[in-house]
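Colleague: Once you've had a glance at the structure underneath, I'll fire off some questions.
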Amino acid sequence: MRGTSVIPAKPLYEGKAKSVYASENPDELIVVFRNDMTAFNGVKHDQFTDKGRLNATASEFFMKMLEAEGIPTHHIRMSAPDTMIVRRLEMIPLEVIVRNVAAGSMTKKYPVKEGMVLDRPVVTIDYKDDERGDPMINDDLIEVLHILTADELRKVKEMALHVNKVLTRFFDKCGIRLVDFKLEFGKADGTIYLGDEISMDSMRLWDKKTGESFDKDVYRFDKGDVIAAYRNVLKRIIPDSGV
Ligand code: CDP
């Protein structure tokens with residue numbers, strides 16, 4: 001037993017930082033945010049006490065915020081501080097990345113300096129396939145590989161930019177710059193939902209004044225105490241969370 005949900009012994013799916021279990025309700029799944037932290041496609045791997053709870057708390061907070069803004073998400077409720085009950089989706093194998101400032105792979109692939117503010121938000125999409133190194137994909141390929149129809153892709157991009165507007169506005173008030181982030185989507189009953197997570201693992205967050213990182217880059221590039229950084233984000237976004 002965990003909270004109000006019985007967690008089966010075996011997960012249906014084990015990701016790098018989350019495990020997904022079947023629920024008694026066939027339309028729902030149980031997602032446990034684990035304390036594992038990985039980077040560079042799993043080459044770097046560690047465990048940090050509390051990390052699962054911190055990311056689950058942030059993810060719940062943002063999913064609720066986005067629902068209130070009219071964006072359908074898979075979040076249903078929390079059954080424990082690190083466990084989210086979600087709507088079962090047929091996941092779309094795409095990583096939809098929204099960038100406001102150049103950083104990470106963008107600065108490796110293109111002649112642009114880290115920190116350059118982009119003229120407008122840019123959506124880039126990777127095909128989710130670890131063995132192929134998550135290659136970047138384009139609209140034509142997404143259609144001919146029957147991953148999404150043109151209309152569905154338009155909807156996904158529109159939702160990603162809407163999420164960016166809501167999150168950028170919110171983080172700005174917390175003194176944080178939303179540099180970039182990754183979203184994953186899925187379908188249920190013909191509707192596209194935001195799935196996966198929105199956490200410090202999936203966003204780049206920089207202090208507006210100092211440029212300090214408060215996200216997974218702290219771990220990727222050994223910039224300091226990653227749990228202190230994650231806690232710092234939660235204190236700013238949910239001051240009464242008591243983390
Ligand atoms: O992080 P990296 O430089 O490898 O890739 P990126 O394309 O620059 O990542 C853009 C944003 O998406 C960052 O906030 C990453 O943390 C996030 N991301 C993610 O959450 N999961 C991935 N598999 C790839 C990127």
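The values are calculated or read from the model by the stated rules, or taken from the named source; none is laboratory data. Note that this is a predicted model, so its numbers are computed, not measured. So basically every Cβ, Gly included, is an ideal-geometry build from the backbone, and we count neighbours across all protein chains shown.
Colleague: Is one or more of the residues making up the range 220-229 among the aromatic types (Phe, Trp, Tyr), surrounded by 13 or more Cβ atoms within 10 Å (Cβ to Cβ) and within 16 Å of the ligand (Cβ to nearest atom)? Talk me through it step by step, then tell me what you get.
Modeller: From the range 220-229, those among the aromatic types (Phe, Trp, Tyr) are 221; that's our starting set.
Applying the additional criterion that residues be surrounded by 13 or more Cβ atoms within 10 Å (Cβ to Cβ) yields none.
Taking every residue of the range 220-229 in turn, none turns out to be among the aromatic types (Phe, Trp, Tyr), surrounded by 13 or more Cβ atoms within 10 Å (Cβ to Cβ) and within 16 Å of the ligand (Cβ to nearest atom).
Colleague: Given the criterion in a helix (DSSP H, G or I), among the basic types (Lys, Arg) and within 16 Å of the ligand (Cβ to nearest atom), identify the matching residue among Lys182, Lys113, Lys165, Lys157.
Modeller: Numbers: Lys182 fails: in a helix (DSSP H, G or I); Lys113 fails: in a helix (DSSP H, G or I); Lys165 fails: within 16 Å of the ligand (Cβ to nearest atom).
Checking each option against the conditions leaves just Lys157.
Colleague: Also, I was wondering about something else. Could you look through the range 190-211, keep only residues that are part of a strand (DSSP E or B) and closer than 20 Å to Gly104 by Cα, and pick out the one that is farthest from the ligand (Cβ to nearest atom)?
Modeller: Let us first name the residues in the range 190-211 that are part of a strand (DSSP E or B), namely 191-194, 203-207.
Pick out the ones that are also closer than 20 Å to Gly104 by Cα and you get 203-207.
Numbers: Met203: 5, Arg204: 4, Leu205: 8, Trp206: 11, Asp207: 15 Å.
Among residues in the range 190-211 that are part of a strand (DSSP E or B) and closer than 20 Å to Gly104 by Cα, the one farthest from the ligand (Cβ to nearest atom) is Asp207.
Colleague: If you don't mind, another one. Given the condition within 15 Å of the ligand (Cβ to nearest atom), of a type in the set (Val, Ile, Thr) and modelled with pLDDT of 95 or more, answer yes or no: does some residue in the range 48-62 qualify?
Modeller: no
Colleague: Of the residues in the range 76-98, how many are touching a helix residue (DSSP H, G or I) at 6+ places or on another chain (Cβ under 6 Å) and either more than 19 Å from Asp201 (Cβ to Cβ) or within 11 Å of the ligand (Cβ to nearest atom) (or both)?
Modeller: 2
Colleague: If you check every pair at least six apart or on different chains, which have Cβ atoms under 8 Å apart with a residue in the range 186-214 that is over 17 Å from Glu158 (Cα atoms) first and a residue that is assigned to a strand (DSSP E or B) and more than 16 Å from the ligand (Cβ to nearest atom) second?
Modeller: Filtered contacts from the range 186-214: Ala188/Arg87; Ala188/Glu90.
Colleague: Provide a single number: the residues in the range 15-44 that are loosely packed, with under 12 Cβ neighbours inside 10 Å and within 16 Å of the ligand (Cβ to nearest atom).
Modeller: So the count comes out to 4.
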